């Protein structure tokens, strides 16, 4: 078999889906010529400049009978709420069918200032079947240090729908127990950031790579001058930024637009054991190897031959049944073994040839996984085989 060889200059990704028949794999070629590059903004983040997660416990009111009902925690919450307004309520007598206990979550972006608005997500905590039409009462959102950083309140926007009948039948569309309040929380406290006070800034690559770290240092040095940046390891680059906050912001704005050519990622074959999806990255090479692919199908069909007992004639008007019926098993076994197909990988074969060879024999995703594992064990597959 003659293999077509294609010189690839970019990351090639082949996704093979496990649905039905094994479809012809498609290869996408994106050239990594010197004119194609990526911005620092897309490759790295600034150390210490990050968002913070907030969480709070609240209560949603105004539901149309889809709340928690007689749930102890919700009843106690309603009792505490009423006591804040000077009312005495017995928690055991509260039926909170129009009320739901919820957990409220939000993400506090970096540099958020008091008075700014952030979105919040509200999720039912107990037996509520739908939050549609409800309103969240004032809820404190705390951080990991147990300090309040935002306060949330407002009407929920719920994309799901739940309807139930008296006979127990119900219809649910999407998730009616989770809603959002756009701009539903007001920031009350600012999170300190080392951006203004740190003597140096750290750029952390999203994907650790020594080559990319070295290229990034060279690009920053070329743009801002010698001594501006130095690599700490394969992830972090130390950058000497101006001390004046105004100049530091302008410096980072320019730095984010610096572009570098990304290094090719390591050669990997990713196998999703749950869906049967297989992804083969560029750089995968196979040493000379011969692969035989075939299948053996054995079919066994069991039949029962029943022979009734012979009747006995007593007289012309009466027939007496004879002995018990005789059951004789009848097994039919058939073996189907089509001729195995063998294909040969030439030396230093590339990705396109691998795909062509596998498609030529009509291998299913499970067969392809077995072939790749065998090639890895034989030392012929020069790539990391990762099963997720």
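Please determine whether any residue of the range 78-96 is touching a strand residue (DSSP E or B) at 6+ places or on another chain (Cβ under 8 Å), in a loop (DSSP other than H, G, I, E, B) and surrounded by fewer than 22 Cβ atoms within 10 Å (Cβ to Cβ). Before the answer, list the steps.
The first filter runs over the range 78-96 and keeps only residues touching a strand residue (DSSP E or B) at 6+ places or on another chain (Cβ under 8 Å), leaving 78, 81, 95-96.
Still in the running and in a loop (DSSP other than H, G, I, E, B): 95.
Filter once more, so that each one left must be surrounded by fewer than 22 Cβ atoms within 10 Å (Cβ to Cβ): 95.
Yes, some residue in the range 78-96 is touching a strand residue (DSSP E or B) at 6+ places or on another chain (Cβ under 8 Å), in a loop (DSSP other than H, G, I, E, B) and surrounded by fewer than 22 Cβ atoms within 10 Å (Cβ to Cβ).
Among the residues making up the range 127-140, none is farther than 17 Å from residue 64 by Cβ and either under 27 Å from the mean Cα position of the chain (by Cα) or not assigned by TED's automatic domain parsing to the domain that holds residue 60 (or both). Within the range 172-227, the only residue that satisfies the criterion of being without any contact (Cβ under 8 Å) to a residue 24 or more places away in the chain and crowded, with 18+ Cβ neighbours inside 10 Å is 217.
The values are calculated or read from the model by the stated rules, or taken from the named source; none is laboratory data. Since we're looking at a predicted model, the values are computed, not measured. Reconstructed Cβ throughout: ideal geometry from the backbone, glycine too, with neighbour counts over all protein chains shown.
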